[in-house]
Amino acid sequence: MHELSQPALPVHRAIPQAEGFDNSFALLSEGYRFIGNRCDALGSDIFSTRMMLKRVVCVRGEPAARMFYQPGRFTRKGAIPPTALALLQDKGGTQGLDGEAHRVRKALMMRLQSPEQRARLVAIIEAEWRAQFWRWARTRQVVLIQEAQAVLCRAACSWAGVPLHSADDMVLRTAEFSAMIDGAGAVGPRNWMGQALRRHTEQWACEHIKAIRLGAPIDPDSPAAAIAFHLDADGEVLSTQHAAVELINILRPVVAVARYIVFGALAMHQFPEWRTRLASGDDAALHMFVQEVRRFYPFFPAIGGRVLQPFDWEGLHFAKNDWVLLDIYGTNRHPSSWSDGEVFRPERFDSGAENGYNLVAQGGGDYANGHRCPGEMATIDITKATLRLLAAEIAYEVPPQDLGIDLARMPTLPASGFVMEALRPAR
């Protein structure tokens, strides 16, 4: 039952307090398991602690997700470290807006993720993969994360209306988008590199927006054109800088799907019976498999919010500007929602096990009015299409390598990036 329909509980409970004066270093050392470790130790799905010397309330599980994704309850402003925000959204992006400004901008982003736009993007990606498979036949060995990021970067730019016309440009854009994603959860050199490369990307995006507005040839139905001429809540076109940010915000997430593709390839390797099943063209099985990949493997660990207006929930009071972190990794594996949550079992999605709040790999709740990622369906479509091709159209071997996943590294991947060799067309 939706939490708003439940009887109000008396506000009297104290939020359990985690040990330690400040747990910033513990977060960096424990990564994805930081919140879950403390919830387990305290026997509570909510606790408070300090990070960066600021009080934060950490929560996990489906009820917490319902609380967190209630429209209008939280803002992303001041809830994500500036070093991460600069790489994932930056100032002027949709996720940093609230109220009517967010509604109008989110409507734009949802139009860019329509079924027709997704189908066009997936068709471009499939063509890029088939061209890549042809190149692979002449290659002894490839690293899938590198290949996937390059394929998705080329495809995303072509789809958006800002195609890459040279090999050097493709290499540079791929490196920039990949560094933004890889540096978002880091402190230190990885983050600094991502921010340095992002500045180049913003200059490139600004030049494209300026050119479009000056009449450069472009499909008027392309995402880049829609962003360049979008009228915001104030009735004005976006500034060049904000339009460039939104252009990046539709390109970078496509490149980020490479991580799900790698995890999907890893799952096909670890559970080979599923690779055989996916190669048969069983779309229902493919959908279950991709949903379980998104649930089981780590993407981003948590999402933050700042309370906009005071509210009470489950006997607890949240004051304006309270900082709250929702454990994405822990919610996706929580035993109250997922039996044997630590086990990879795609069959659990046979009857539509997800409800919008128990699987929050890319947010929860309502797409149009909340902060759930507008590109979630595109992520599913891209991952499905790519894994279908990897299962059915290319044969390869997986040599001995380090496929361990370091949960202290955010965002993480198999250590080797998933090396493939003996590449050849499937018979």
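A few points about this structure:
- Spin-label model distance (nm) - residue 218 vs residue 200, 7 Å beyond Cα toward Cβ: 2.2
- The portion of the accessible surface of the chain made up by carbon and sulfur, rounded to a whole percent, is 57 (1.4 Å probe; DNA, RNA and ligands excluded).
- With a simple spin-label model that places each label point 7 Å from the Cα along the Cα-to-Cβ direction, the separation between residue 53 and residue 229 comes to 5.1 nm.
- Inter-site label distance for residue 270 and residue 107 at 7 Å from Cα along Cβ, in nm: 4.3
- Solvent-accessible surface of the chain, averaged per residue with a 1.4 angstrom probe and all protein chains in place: 43 square angstrom.
- Averaging Cα coordinates gives a centre for segment 368-415 and one for segment 135-189; these two points are 14 Å apart.
- Estimated D of the chain in µm² per second, where Rh is the Kirkwood radius over Cα pairs and Stokes-Einstein applies at 4 °C, 1.567 mPa s: 58
- In the chain, the DSSP-assigned H stretches of four residues or longer account for a calculated mean residue ellipticity at 222 nm of -15500 deg cm²/dmol, using -39500 (n - 2.57) per stretch and the full residue count as denominator.
- Membrane-span-like helices of the chain, defined as complete DSSP H segments with a Cα extent of 27 Å or more along the helix axis and a mean Kyte hydropathy of at least -1.0, are identified as 115-136, 240-270.
- By a 1.4 Å probe calculation restricted to protein chains, residue 323 has an accessible surface near 20 Å², given to the nearest 10.
- Residues of segment 202-242 with amide N under 18 Å of the 7 Å Cα→Cβ point at residue 116: 218-230
- Candidates 200, 208, 371, ranked by Gaussian network fluctuation over the chain, Cα under 10 Å, top entry: 200
- Contour excess over end-to-end distance, with Cα ends at residue 287 and residue 131 and 0.36 nm allotted per residue: 53.7 nm
- Additional length obtainable on full extension of the chain from residue 171 to residue 377, 0.36 nm per residue less Cα span: 71.5 nm
The values are calculated or read from the model by the stated rules, or taken from the named source; none is laboratory data. A quick note: this is a predicted structure, and the numbers were derived from the prediction, not measured. Please note: Cβ atoms are built from the backbone with ideal geometry, for glycine as well, and neighbour counts cover all protein chains shown. Quick note on the areas: whole protein, heavy atoms, side chains included, nothing else; ligands and nucleic acids left out. Shrake-Rupley method; radii C 1.70, N 1.55, O 1.52, S 1.80 Å.
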